[in-house]
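All of the numbers you see were taken from the coordinates with simple rules; none came from a lab. Being a predicted model, the structure only gives us computed values, none of them experimental. Here the Cβ is made from the backbone with ideal geometry for all residues, glycine too, and neighbour counts use every protein chain on show.
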Amino acid sequence: MELVMIGSLQVLLSGIIAGMIIFQAGVVAPALFKNLPAEQAGPFLRSVFPKLFGIAFLLGCVAFVLSFIDNGGAASKIVFLVTVVAMAICYLVIPATNSAKDSGEEGTFKKLHSLSVILTLIVLVLNVIWVFFS
């Protein structure tokens, strides 16, 4: 595979990751909470967010491997490594987050939810910035 094509594929993967995050957090979640009671919106989001984190993790893995084939420099490796690690953490804390919410442990829920939000925002910002500076 040509190196230019690999670089373009990495940009595409970053765009997909960023687009998924923006769509999920900026469109889907707010629309659900605006139009459905929390008892209905919550279970739906519990089924969607693991998929978001899982797909972003897999796309990050592909981009990370490509960054070594392309030898695109440290920036791409760092962006995609952070993407992989952050999305893995977000995915792995879902059961604890759901459990804290279900058992009324608001403090624990807020901490875990905030962790997921912050990591997701970091992934979003890094992938958007990387696209424009790659």
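Key figures for this structure:
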quantity	calculated
Whole-angstrom gap from region 117-131 to region 54-112, using each part's C-alpha centre	11 Å
Computed helical MRE - 222 nm, the chain, DSSP H runs ≥ 4 contributing -39500 (n - 2.57), nearest 500	-30000 deg cm²/dmol
Given charges at beta-carbon only (K, R positive; D, E negative), |dipole| of region 27-134 in Debye	60 debye
Selection from 87, 42, 13 lying farthest towards where the dipole of the chain points positive, charges on Cβ	42
Volume of the Cα convex hull of the chain, divided per residue and given in Å³	95 Å³
Extension gain (nm, one decimal) between residue 102 and residue 129, 0.36 nm per residue minus Cα-Cα	6.1 nm
C-alpha long axis of helix 3-23 to longest principal axis of the chain, angle in °	10 degrees
